[in-house]
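Structure first, commentary second.
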Amino acid sequence: MPIADEFYLMTHDDVSGDSRLHAKAVGFGLAAALLAELCMLDLVRPAAEGVAVRNAPPPPDALAARVHGQLLAEPQLHPVRDWLAFLGRTAESDIAVRMTAAGALQLVETRRLLGVQRRYVPLSVNDAAWPTARLIGRLRRQEEMSVEDRVLAGLAFATGLSTTFAWDDVRGRSLASLIAVLDEPLRVLIAETELAVSKAVAKLT
């Protein structure tokens, strides 16, 4: 499962599909996850001066290819936070549609007095809970983690998601050490996500 899809499951309730975080934090985190997918394919390189894009054949996944095309269409470098804000506007719905097509989610429509409520619900509670359970287990057992899991843990920390789970004994230094060994572009992406989320939260308080 792509990183962004797993992070979607982590940021949404395993049964109801409701978001566990503020909409801004979810948007920034999922946008970062989409960029991480391209970064790990060596198609983009987040850096302090902006997100560099490699002009190469698009990835096979339709959503990843669309995001790659959007970045390629810009003739100049844009800061990471600009791309997080831009992609974050639709990242949640874009990823939900991809996951529905893959059979991980289903669209449920409920008629209300003022219209129809639409939400995406996991088809399998066990599958929905697996990314979080896997990360927590590996962190607590101090097992070796893949780059994908390190990125997921970093994004959970950056968005504040780690505080909503029972991560009290694995937060802080252990998470920081996981992030520290990532390649610089992924470290920059996580750091910029944390900054974007903190600024968005500050505006709400």
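Structure values in brief
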{"item": "GNM top mover of Ala23, Ala96, Ala36 - the chain, alpha-carbon springs below 10 Å", "result": "Ala23"}
{"item": "Residue exposure sequence - Lys24, Lys199 - by fewest surrounding Cβ within 10 Å", "result": "Lys199, Lys24"}
{"item": "Of Pro75, Gly103, Ala85, farthest towards positive along the dipole that unit charges on Lys, Arg, Asp, Glu beta carbons give region 3-204", "result": "Ala85"}
{"item": "Computed over region 3-204: relative contact order in percent, which uses C-alpha pairs under 8 Å that are six or more apart", "result": "28 percent"}
{"item": "Highest-fluctuation residue, Ala91, Ala32, Ala191 considered, GNM on the chain with Cα pairs under 10 Å", "result": "Ala191"}
{"item": "At 1.002 mPa s and 20 °C, Stokes diffusion of region 59-136 via Kirkwood alpha-carbon radius, µm² per second", "result": "141 µm²/s"}
{"item": "Per residue convex hull volume, Cα atoms of region 17-66, in Å³", "result": "103 Å³"}
{"item": "Hz values of 3J(HN,Hα) by residue in region 50-57 - Karplus curve (6.51, -1.76, 1.60), Gly and Pro given as x", "result": "x, 9, 7, 10, 8, 7, 9, x"}
{"item": "The chain: most fluctuating residue of Ile136, Ile179, Ile190 per GNM, C-alpha cutoff 10 Å", "result": "Ile136"}
{"item": "Net +/- balance of residues flanking Leu152 in space, Cβ distance below 10 Å, scoring K and R +1, D and E -1", "result": "-1"}
{"item": "Whole-number D in µm² s⁻¹ for region 7-142, Kirkwood Cα-pair radius fed into Stokes-Einstein, 10 °C, 1.306 mPa s", "result": "97 µm²/s"}
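None of the figures in this text is laboratory data; all of them are computed from the coordinates on show. Here the structure is a predicted model, which means the values were calculated and not measured. Positions of Cβ are generated from backbone atoms using ideal geometry, with glycine treated the same way; all protein chains shown enter the neighbour counts.
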